[in-house]
Amino acid sequence: MQKNIFWIIMFIFFIVFISLFIASKSGYYEYENHNKKVFTEEKMKEFENDLKEGKNVDIKNYIYEDNKNYENKITKIGNFISNLLSNGILKSVKITTKVFEKLFN
């Protein structure tokens with residue numbers, strides 16, 4: 001049963017890896033960055049035109065903000081587990097180093 005669970009987890013990791021690899025090779029990330037660049041260039045031209053026309057300009061109108069909130073219950077649980085594991089590993093490393101100090105001193 002444990003072998004099956006191991007292979008299922010490995011299969012999931014493999015699928016995630018392949019999907020990220022395909023996304024990177026297909027240029028999805030570069031496409032998103034290109035869209036941001038184009039948007040920024042358009043806002044720069046709009047800013048320059050507004051200055052030429054003597055309009056009141058505010059920098060907040062021309063800044064590209066992409067603040068998406070991806071937090072949900074699953075990410076909160078994931079962060080909690082991650083912090084729990086991190087703290088546990090840190091404590092175990094500290095205990096291990098203290099044991100080694102006592103053994104070699």
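Brief remarks follow.
- Note on ASP58, ASP50: ascending count of other Cβ atoms within 10 Å places them as ASP58, ASP50, the fewest first.
- All lysines inside 19 Å of LYS43 as judged from Cα atoms, apart from same-chain residues fewer than 8 positions distant: LYS52, LYS55, LYS60
Only the coordinates and a few stated rules stand behind these numbers; no lab work does. Predicted model, so just to flag it, every value in this text is computed and none were measured. Glycine gets a Cβ as well: all are built from the backbone with ideal geometry, and neighbour counts include every protein chain shown.
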